[in-house]
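Beneath this line is the structure, given in structure tokens, with notes to follow.
The values are calculated or read from the model by the stated rules, or taken from the named source; none is laboratory data. Bear in mind that the values here come from a model prediction, so they are computed numbers and not experimental data. Glycine also receives a Cβ, built like all others from the backbone with ideal geometry; neighbour counts cover every protein chain displayed. All accessible areas refer to the heavy atoms of the entire protein, side chains included, with ligands and DNA or RNA removed. Shrake-Rupley method; radii C 1.70, N 1.55, O 1.52, S 1.80 Å.
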Amino acid sequence: MKNEALGMYVRRKTGSGQSVLWIVRSYLPSLLIVFITAILTFALIFVSSMSEALEDTLVNLGSGNITVYSDVDPSLLREGERAFSVETCSAVVAGEAATALVQVKGVDEGYFFSEKRDVLNLQTVENTTTLEGVILSRTLSGELGAGLGGRISLMVWDEDAGRTRPVFCFVEGIYHSGYGEFDSRLVFTSRRLTSSGVNTEIYTDREDELLSLLRNRGYAAAGYKEIYASIYVNIIRSVALLDAIVILVAMLAGFFSLSISSEYVERDRRDIAGIMLLGFSRTDVEAAYRRITINVVAIALAAGMAAGVIFSHVIMPFIANLDSSKYPFLSNYVLSFDVVVPLRTLVLLAAALLFTSIVSLRISLRKMIFSDLRNVL
């Protein structure tokens, strides 16, 4: 009977059967937790989404999920997996405004499949000339003064002649990965202009399994995490560091539950005195207000996370559409990416905030309630 009455009291104080105005006033003290949780959720989603986009860039701009330093037996690949023969060499490119030393990747038709085009934000025009086509990064295009449909000269090695030769080329594509340090000196063209050893780039969802299979068959192969180990490790460490900082901030935010509880105790001190006169013990009162506060904190936490997710879906497309030419500081960042919600980290965030709230309330709530109660009595 006592437990039922106490449960009814808790439900009543958390809004059951109350007016909308009373509920709004009652939950106002938890707005700070809503705001903090929304900001932390957005930060986690933003960084997780950007890190996923950076990995996609390493795969699609670099050398696929796996690079094999020879041709590959197609029978080793499953349906849906892609393999492309590529050749790479160094060259000098010259435009109207500048010259630059670049890495040239010779590729075949079909190399720029739809997912790759999306990741690289590739824009193309039809090559109606007899010139060989090239695809430049936006950064390099700006340096050379050669936009879509423009002309550049490429000094490439002619293996038959044993010397370099200039090739006049048509700029048929401009790409922008957002990773300026990586794409600023990479040029794509036809394999007809390159003469070097053939590598095979493989795009797959089973990187570890296929890599092991290839090595067991005697192929010299490496995954993108090995080829770009320093970049990949920096991405992982950066995400892990932010996750740790966010969880620490969430733990500190949990102490705001004491402020919420203080507001409720101040509001209900006459009710507290009344239920104690009806036979409820100090332990009962403490347990009731701990439940009331944790319920409110949990609702605020859920509302903050929901707001953070909604805000992420609203703001990220806006960020992707920003013109980096007007905001130069954005030119070295990946801005176009899908929203990735890191569920595991969000669960840790919620657990950290609730854990701190429970601990702080268990330590301080009894003293807070009954010091106020003595003032009433």
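Structure data summary
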{"read-out": "Residue that is farthest from Leu40 (Cα to Cα), among those in region 310-366 that are at pLDDT 70 or above, open to solvent by 50 Å² or more (accessible area, probe 1.4 Å) and in a loop (DSSP other than H, G, I, E, B)", "value": "Asp338"}
{"read-out": "Residue match in region 143-163 (condition: within 24 Å of Phe337 (Cα to Cα) and in contact with a helix residue (DSSP H, G or I) (Cβ under 6 Å, 6 or more places away or on another chain))", "value": "no"}
{"read-out": "Unmet requirement for Ala250, which otherwise passes all of (1) open to solvent by 40 Å² or more (accessible area, probe 1.4 Å); (2) part of a helix (DSSP H, G or I); (3) not β-branched (Val, Ile, Thr)", "value": "(1)"}
{"read-out": "Single match in Ser85, Ser63, Ser75 (criterion: farther than 26 Å from Ile315 by Cβ and open to solvent by less than 20 Å² (accessible area, probe 1.4 Å))", "value": "Ser63"}
{"read-out": "Residue under evaluation Tyr69, criteria (1) in contact with a Gly (Cβ under 9 Å, 6 or more places away or on another chain); (2) more than 30 Å from Ser184 (Cα to Cα); (3) open to solvent by 40 Å² or more (accessible area, probe 1.4 Å), criterion not met", "value": "(2)"}
{"read-out": "Which numbered condition Phe280 misses (of (1) assigned to a helix (DSSP H, G or I); (2) open to solvent by less than 50 Å² (accessible area, probe 1.4 Å))", "value": "(1)"}
{"read-out": "Per-region count, region 177-222, residues among the aromatic types (Phe, Trp, Tyr) and within 20 Å of Val107 (Cα to Cα)", "value": "3"}
{"read-out": "Any chance Leu186 is among the aliphatic types (A, V, I, L, M), in contact with a strand residue (DSSP E or B) (Cβ under 6 Å, 6 or more places away or on another chain) and farther than 24 Å from Ala100 by Cβ", "value": "no"}
{"read-out": "Given (1) open to solvent by 50 Å² or more (accessible area, probe 1.4 Å); (2) assigned to a loop (DSSP other than H, G, I, E, B), number of the condition Val92 does not satisfy", "value": "(2)"}
{"read-out": "Selection from region 37-58 of residues that are out of contact with any Asp or Glu (no Cβ under 9 Å at 6 or more places or on another chain) and not hydroxyl-bearing (Ser, Thr, Tyr)", "value": "Ala38, Ile39, Leu40, Phe42, Ala43, Ile45, Phe46, Met50, Leu54, Glu55, Leu58"}
{"read-out": "Some residue of region 215-222 being more than 25 Å from Leu346 (Cα to Cα), aliphatic (A, V, I, L, M), outside any helix (DSSP H, G or I) and open to solvent by less than 50 Å² (accessible area, probe 1.4 Å)", "value": "yes"}
{"read-out": "Options Phe42, Phe46: the member that is within 19 Å of the chain's Cα centre (by Cα), modelled with pLDDT under 90, surrounded by fewer than 23 Cβ atoms within 10 Å (Cβ to Cβ) and not β-branched (Val, Ile, Thr)", "value": "Phe46"}
{"read-out": "Per-region count, region 65-89, residues in a loop (DSSP other than H, G, I, E, B) and within 14 Å of Asn199 (Cα to Cα)", "value": "6"}
{"read-out": "Criterion (under 17 Å from Arg12 (Cα atoms) and small (Gly, Ala, Ser)) met by exactly one of Ala229, Ala287, Ala220", "value": "Ala287"}
{"read-out": "Single residue of region 145-201 satisfying the filter (charged (D, E, K, R), open to solvent by 50 Å² or more (accessible area, probe 1.4 Å) and at pLDDT 90 or above) that is nearest to Tyr219 (Cα to Cα)", "value": "Glu172"}
